[in-house]
Amino acid sequence: MLRVETFNLGPLQTNAYLLRGEDDLKAVVIDPGMNPAALMRRVESLHVEAILLTHAHFDHIGGVEELRKAKGCPVYLHDLEAGWLTDPKHNGSAMWSDLGGPIRTDPADFSLAAGQTLNLIGNEFKVLHTPGHSPGSVSFLCGKDLFAGDVLFREGVGRTDLYGGRQGDLVDSIRLKLYKLPDDTVVYPGHGPRTKIGYEKANNPFVPAP
């Protein structure tokens, strides 16, 4: 069982996800973004087992250090973006200084790799390496719930014009990995409303199903 709460954080309305299993007091947070006050209030009485990052762009990591220090929880990130948490140029915060200035956090505590399984809050999270939006982008699959970061949106896809982005990789990630999942898989994206794999295969104008 997985319960999901969504928090729209920061100037780009980035989706941060608070996940809980059967134990009400244990949680995982995916992509704690900028201005995380609402999220911080919600986790005040919870034990946060981990912070999972789909990738290390500034709008997805703005609340990492505040949450990590408050709850003493480890951060997980793909190795290809290991240096991005400390580098405002790579994480994009240097480019949009008007949105809050350079963002730097301590390095991740643990690295992620394709095919890895994380056992957290009584659930298994499978790590899918889904590059394209950024080289270290990953998606987390827990049962029929997919946390896709900025790879796949409802009738949209992530941009590929930022550092390390590649259009061909993004299309391959969606067609060869995400579209292979069951149609009823619920997609929780980094921005905007949730969707389903079957709906995107039928309606996404950027990556039609093969």
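The values are calculated or read from the model by the stated rules, or taken from the named source; none is laboratory data. Just so it is clear, the structure is predicted and the values come from calculations on it, not from any experiment. Here the Cβ is made from the backbone with ideal geometry for all residues, glycine too, and neighbour counts use every protein chain on show. The protein model used for the area step is the full one, side chains on, heavy atoms only, and it has no ligands, DNA or RNA in it. Shrake-Rupley method; radii C 1.70, N 1.55, O 1.52, S 1.80 Å.
Summary table below
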quantity: Hits in segment 39-57 - residues which are open to solvent by 10 Å² or more (accessible area, probe 1.4 Å) and out of contact with any Asp or Glu (no Cβ under 9 Å at 6 or more places or on another chain); calculated: Arg41, Glu44, Ser45, Glu49
quantity: Residue within segment 177-191 that is open to solvent by 20 Å² or more (accessible area, probe 1.4 Å), among the small types (Gly, Ala, Ser) and in contact (Cβ under 8 Å) with a residue 12 or more places away in the chain present; calculated: no
quantity: Residue under evaluation Asp150, criteria (1) within 16 Å of the chain's Cα centre (by Cα); (2) among the acidic types (Asp, Glu); (3) surrounded by fewer than 20 Cβ atoms within 10 Å (Cβ to Cβ), criterion not met; calculated: (3)
quantity: Verdict on Ser111 being outside any helix (DSSP H, G or I), open to solvent by less than 60 Å² (accessible area, probe 1.4 Å) and polar (S, T, N, Q); calculated: yes
quantity: Given (1) among the hydrophobic types (A, V, I, L, M, F, W, C); (2) part of a loop (DSSP other than H, G, I, E, B); (3) open to solvent by 50 Å² or more (accessible area, probe 1.4 Å), number of the condition Ala70 does not satisfy; calculated: (2)
quantity: Every residue from segment 128-140 that is aliphatic (A, V, I, L, M) and within 11 Å of the chain's Cα centre (by Cα); calculated: Val138
quantity: Residue ID - most open to solvent (accessible area, probe 1.4 Å), chosen from residues in segment 58-67 that are under 15 Å from the mean Cα position of the chain (by Cα) and more than 14 Å from Ala108 (Cβ to Cβ); calculated: Gly62
quantity: Qualifying residues in segment 192-203 (those that are open to solvent by less than 50 Å² (accessible area, probe 1.4 Å) and not acidic (Asp, Glu)) - the one nearest to Thr6 (Cα to Cα); calculated: Gly192
